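The values are calculated or read from the model by the stated rules, or taken from the named source; none is laboratory data. Worth saying up front: this structure is predicted, and the values here are computed from it rather than measured. Don't worry about glycine lacking a Cβ; one is built from the backbone with ideal geometry, like all the others, and counts go over all protein chains shown.
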Amino acid sequence: MAFLLPVWLLIGRGIVFAESGWTFAGFLILSPVLFVVLCLIGALVAWRPGVRQQRAASRWDAVVLIALWLVLTLAGFVLHSAVATLAMLLVLAAFWFTVWELVTEGRRRARAMMDDVNATLGGARASVPPQPQHPSPVDIGEVIAVTSRDVTDEPHP
């Protein structure tokens, strides 16, 4: 989508629905900038450790990205300044949302790591439940012992 949406805007608004040559020139400059910003938004989502572990973006990421893609697709069709303004605001909002998600998750993971380090230095593990020092004996029932010689006929001492 990072490649297709800027190309769509260049073709749709810059060539097909262009009012002048300056409109095309503007979209010729805008399209590479939009490509870089969309790639950066995608990279910020992919860099989050939670996204890499789950191999899926969060629901909020999906909502923001789908809304952004729909508005950018609409901007290629509709020649209205409100749609262009909404598209610019949504691009900025998506960028700052992904930055906020990355920082928030990084802060949460750093705090959890520091809690583990502090607990380890204190002699316990925070992420592992404590084990009893002397486990109670467990009755496993009847045990059959197999030996290499016949012991059934020997007298018991």
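Listing for the model above:
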item	result
Some residue of the range 40-50 being farther than 30 Å from Met113 by Cα, at pLDDT 90 or above and not aliphatic (A, V, I, L, M)	no
Subset of the range 93-120 [surrounded by 13 or more Cβ atoms within 10 Å (Cβ to Cβ) and either aliphatic (A, V, I, L, M) or in contact with a Ser or Thr (Cβ under 7 Å, 6 or more places away or on another chain) (or both)]	Ala93, Ala94, Val99, Leu102, Asp116, Ala119
Selected residue (only one of Ala67, Ala75 is closer than 16 Å to Val7 by Cα, in contact with a Leu (Cβ under 7 Å, 6 or more places away or on another chain) and of a type outside the set (D, E, K, R))	Ala75
Selected residue (only one of Val78, Val63, Val128, Val143 is of a type outside the set (Lys, Arg) and modelled with pLDDT of 90 or more)	Val63
